[in-house]
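Structure first, commentary second.
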Amino acid sequence: MHCGPISRASIAKQTGLSKQTISEIARQLEEGGWIREIGRTSGHVGRTAVTYEIVPDAACIATVDLGGTKVRAAIADLSCRVLAELTELTEPRGGMHLVRQIARMCRQTAEHNDIVFDKVRMAVVGVPGVPDSKTGRVLMAPNVPGFDALDVPASLSEELGLDVIVENDVNLAVLGEHWIGSGAGLEDLAYVALGTGIGSGIIVGGELVRGNGNAAGELGFLPFGADPFEPETLRVGALERVTATAGMRARYLELSGTEVDVPGIFDAAAAGDASALTVLDETARNVARAVTAICAVTNPGKVVMGGSIGSRDELIRRVRELLPLCFPYPVELSVSSLGPHAAIVGGAAIGLSHLHAALFSGGVRGAEIALPPADVVKFSGAAR
């Protein structure tokens, strides 16, 4: 039913189940408020058939993008329409304080927009680190204290009373871009996020690359930028130490003797400040090296840049100029079309795929419900 109105005969053909079985399932789903009659088939020879569609607001999913500085929570319905959003500064104490903040935000996002929270059946949380599937801990996440000592999915599930999926935030972002964003339709795609930290999500042959231990794409640990053998590099990678927010601010302070935030560095560069221009040039060189490393290993059809720093035109322009100087083949570099919503959309994609399968397929082979077409995804404008 993800493709729009569909008849019972068509469902039977797709699933291999008998028409009688499908009719009984359809009756139960219709009585439960999950599907509704939408009309009849037309333009075919023979008798017309009743067609059904999923009731979009029969259930919802919470999707969360956790960053080192901000948390964004959203609620999406069964058609993948984002109904409501809420953004807050990240709880700096981390650990259970942050778990409770995420749970509260999910509830408030629903309640403040007149969405009954009982309709929320699952939550997907994107985290800036590596989720350990065995322990539930989030590793390689220096910007989120305490998550490396906590079973994060279990803690969130207990607070929310829902099934919770925890995924790397940049993996969610590349899934969002692959579905409806700048990389839609590409079998091989890379997404590079640069902001508080730096990381990448990689799709090869249409499949997300996770690697052993879910640590594929941790660009911050590439062994250049800072000295990769210094002890601090085991906590914050060599590249991230000099390329993301903290590294850029530290470099500007070193050059100018003045403390400025990253937007201030961009403003100073626009005004011709030599120190700020040096910081942007050095950051662009490091990003170009990182993009080259991805291209040398996975050969993506496109590299999409995102994040509060990575999406800046001043940086993109510099990286584009540098890539032909350090890589022998053309690299298509573009800016995320989903912007700060990339991980939210990716989270909705994963969560709704799981929810659709759980609610409607019941494990029947061939009955899985894939993602809706791209044109159904809309943002409600309810961001707060």
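The values are calculated or read from the model by the stated rules, or taken from the named source; none is laboratory data. Just so you know, these numbers come straight off a predicted model, no measurement behind them. As a convention, Cβ positions derive from the backbone with ideal geometry for all residues, glycine included, and neighbour counts pool all protein chains shown.
Condition test on PRO142, is it within 17 Å of the chain's Cα centre (by Cα) and either without any contact (Cβ under 8 Å) to a residue 40 or more places away in the chain or part of a loop (DSSP other than H, G, I, E, B) (or both)?
Spelling it out, it is not the case that PRO142 is within 17 Å of the chain's Cα centre (by Cα) and either without any contact (Cβ under 8 Å) to a residue 40 or more places away in the chain or part of a loop (DSSP other than H, G, I, E, B) (or both).
Can we say LEU255 is within 13 Å of GLY197 (Cα to Cα) and among the hydrophobic types (A, V, I, L, M, F, W, C)?
When the stated conditions are applied, LEU255 does not pass them.
Looking at ARG107, ARG100, ARG72, ARG81, can you tell me which residue is within 17 Å of SER353 (Cα to Cα) and of a type in the set (Lys, Arg)?
ARG81
How about the range 91-124: which of its residues are on the phi > 0 side of the Ramachandran plot and either in a helix (DSSP H, G or I) or within 19 Å of the chain's Cα centre (by Cα) (or both)?
If the condition is that a residue be on the phi > 0 side of the Ramachandran plot and either in a helix (DSSP H, G or I) or within 19 Å of the chain's Cα centre (by Cα) (or both), then GLY95 is the only one that fits.
Kindly provide the set of residues from the range 38-82 that are more than 30 Å from GLY161 (Cα to Cα) and either at pLDDT 70 or above or among the hydroxyl-bearing types (Ser, Thr, Tyr) (or both), ordered by number.
Hits for the range 38-82 are THR41, SER42, THR48, THR51, TYR52.
Hey, among ALA246, ALA270, ALA288, ALA274, which residue is out of contact with any helix residue (DSSP H, G or I) (no Cβ under 7 Å at 6 or more places or on another chain) and surrounded by 18 or more Cβ atoms within 10 Å (Cβ to Cβ)?
Exactly one residue qualifies, and that residue is ALA246.
Quick check: anything in the range 225-235 under 19 Å from PRO145 (Cβ atoms), in the same structural domain as SER308 (by TED's automatic domain parsing), within 22 Å of the chain's Cα centre (by Cα) and at pLDDT below 95?
No, the range 225-235 has no match at all.
Does VAL164 satisfy the criteria of being assigned by TED's automatic domain parsing to the domain that holds ILE102 and either under 30 Å from PRO300 (Cα atoms) or under 17 Å from the mean Cα position of the chain (by Cα) (or both)?
Criteria met by VAL164.
Pick from the range 204-218 the residues that are in contact with a helix residue (DSSP H, G or I) (Cβ under 7 Å, 6 or more places away or on another chain) and at pLDDT below 95: which of them is surrounded by the most Cβ atoms within 10 Å (Cβ to Cβ)?
So the residue we want is GLY217.
Might you let me know whether the range 146-161 holds any residue that is among the aromatic types (Phe, Trp, Tyr), outside the structural domain of GLY301 (by TED's automatic domain parsing) and closer than 23 Å to ALA246 by Cβ?
yes
Limited to the range 172-197, what total is found for residues that are in a helix (DSSP H, G or I) and over 19 Å from LEU66 (Cβ atoms)?
Counting residues in the range 172-197 that are in a helix (DSSP H, G or I) and over 19 Å from LEU66 (Cβ atoms) gives 3.
Going by what's in this entry, would THR298 be described as hydroxyl-bearing (Ser, Thr, Tyr) and surrounded by fewer than 17 Cβ atoms within 10 Å (Cβ to Cβ)?
no
Which of the residues belonging to the range 174-192 are under 23 Å from PRO128 (Cβ atoms) and among the charged types (D, E, K, R)?
The answer is GLU177, and nothing else.
Being surrounded by fewer than 21 Cβ atoms within 10 Å (Cβ to Cβ), in contact (Cβ under 8 Å) with a residue 24 or more places away in the chain, assigned by TED's automatic domain parsing to the domain that holds VAL236 and over 13 Å from SER336 (Cα atoms) is the requirement here; does LEU186 meet it?
Considered against the rule, which asks whether it is surrounded by fewer than 21 Cβ atoms within 10 Å (Cβ to Cβ), in contact (Cβ under 8 Å) with a residue 24 or more places away in the chain, assigned by TED's automatic domain parsing to the domain that holds VAL236 and over 13 Å from SER336 (Cα atoms), LEU186 comes out as yes.
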